[in-house]
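What follows is a single structure, written as structure tokens, with notes after it.
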Amino acid sequence: MEPAMSDDFLFADDDQPDQHTTAVPAAVWRILIADDEPDVHRITRMVLAGFQFDGRRLELLSAYSGAEAQQIMEANSDIAMILLDVVMEDEHAGLNVVRYIREELGNRYTRIVLRTGQPGQAPEHEVIRTYDINDYKDKTELTTTKLNTLMYATLRSYRDICTLNEHRHGLERVILASAEVFSSGAINHFASAVLSQVTNLLGLEQSALYCSSIETPDDQHGRRFRVLAATGELQEFSDLQSLDAIPPLVREGFEKAMQERCSHYYDDHYIGYFTSQRGSENLLYVRYNQMPSALDKQLLELYATNVAITWENLLIRQDLGRA
């Protein structure tokens with residue numbers, strides 16, 4: 001146990017940054033305070049009241065021992081940061097928590113900041129060299145401004161790590177989706193595979209995705225399109241030989257995409273436009289409940305590019321089969 005500290009000692013008086021006054025966001029940053037001193041929890045909560053980063057407030061959790069900290073970390077894999085006291089029920093409690101998080105739980109994402117009132121008991125250079133932590137602070141140097149600065153820097157690091165991980169998983173989904181479409185092997189299976197994989201790519205339920213994929217089968221009669229597949233509320237339009245009968249919103253979106261030769265995102269739907277090297281034009285309509293994230297848009301565009309390449313290969317295969 002470390003000696004209790006007064007409010008003025010732990011968070012010295014200095015200029016405080018202006019707090020954000022935006023509306024309460026839907027998401028939060030989950031922070032765990034692990035310390036055996038109740039005053040540390042009270043003061044930390046007081047200082048961080050109203051703190052926001054990236055439009056998200058903090059949700060502060062409390063643990064008063066190393067064992068309790070381990071239980072909370074095991075039950076909550078989305079904790080962004082832990083403010084971890086070194087000495088709690090014993091002098092190694094905090095370090096044991098670090099080892100548990102990194103080795104037992106395999107959690108490499110949560111940012112760990114060690115705080116100590118007895119820096120000589122756990123020398124900084126030795127701790128940082130030996131343990132996978134992200135910062136080491138003496139409680140006496142954590143003023144209000146410095147704690148806020150620490151929060152910004154640490155949460156920014158956590159956000160960027162999570163973004164990179166999402167990109168990695170997203171690319172894996174694109175590869176798997178593209179392989180699934182290509183393995184369909186025939187044009188009559190191609191469109192339904194596209195719809196299924198776009199659903200998976202965006203993480204939506206099948207009933208929440210309404211899509212139409214169109215091809216140009218005969219250039220001799222001008223620009224003609226056939227609806228290859230449709231799902232959900234658009235299922236009745238499947239296998240149409242013309243765009244005339246599809247809903248006006250979808251048809252107008254397709255016409256705009258063809259005129260501008262590019263895809264468009266709207267508040268509640270996406271119109272995808274992609275072509276093959278043979279010149280065939282492919283159009284995709286996806287309805288969603290909320291605007292896709294920037295990452296989802298990148299994945300959708302990447303997937304559309306792979307779809308165009310796969311479509312080209314299937315057309316070539318069909319031509320060879322007719323020869």
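The values are calculated or read from the model by the stated rules, or taken from the named source; none is laboratory data. Everything quoted here is computed from the prediction, not taken from an experiment. Here the Cβ positions follow ideal geometry from the backbone for every residue, glycine too, while neighbour counts run over all protein chains shown.
Observations on the structure shown:
- The listed residue being farther than 19 Å from THR154 by Cα, out of contact with any Phe, Trp or Tyr (no Cβ under 6 Å at 6 or more places or on another chain), at pLDDT below 95 and not acidic (Asp, Glu), out of VAL40, VAL86: VAL40
- Filtering segment 139-152 to residues that are without any contact (Cβ under 8 Å) to a residue 40 or more places away in the chain and either surrounded by 14 or more Cβ atoms within 10 Å (Cβ to Cβ) or of a type in the set (D, E, K, R) (or both) leaves GLU141, LYS146, LEU150.
- Scope segment 90-112; condition surrounded by fewer than 21 Cβ atoms within 10 Å (Cβ to Cβ) and of a type in the set (Ser, Thr, Tyr); matching residues: TYR100, TYR109
- Test: residue in segment 118-129 that is among the charged types (D, E, K, R) and at pLDDT 90 or above: no
- Checked against (1) surrounded by 12 or more Cβ atoms within 10 Å (Cβ to Cβ); (2) in a helix (DSSP H, G or I); (3) modelled with pLDDT under 90, ILE271 passes all but condition (2).
- Test: residue in segment 19-34 that is modelled with pLDDT under 95, in the same structural domain as THR116 (by TED's automatic domain parsing) and under 27 Å from TYR100 (Cβ atoms): yes
- Matching residues in segment 290-322 - criterion: being part of a loop (DSSP other than H, G, I, E, B) and modelled with pLDDT under 75: GLN290
- Of all residues making up segment 47-73, the number that are more than 26 Å from THR144 (Cα to Cα) and either modelled with pLDDT under 95 or of a type in the set (S, T, N, Q) (or both): 2
- Remark: pairs (first residue in segment 280-304, free of Cβ contacts under 8 Å to residues at least 40 places away in the same chain; second residue small (Gly, Ala, Ser); Cβ separation under 9 Å; 6+ apart in sequence or on different chains) = GLU301/SER263; GLU301/GLY272.
- Residue match in segment 206-215 (condition: loosely packed, with under 12 Cβ neighbours inside 10 Å and either at pLDDT 70 or above or more than 27 Å from ALA294 (Cα to Cα) (or both)): no
- Segment 250-268: number of residues that are hydrophobic (A, V, I, L, M, F, W, C) and surrounded by fewer than 14 Cβ atoms within 10 Å (Cβ to Cβ): 1
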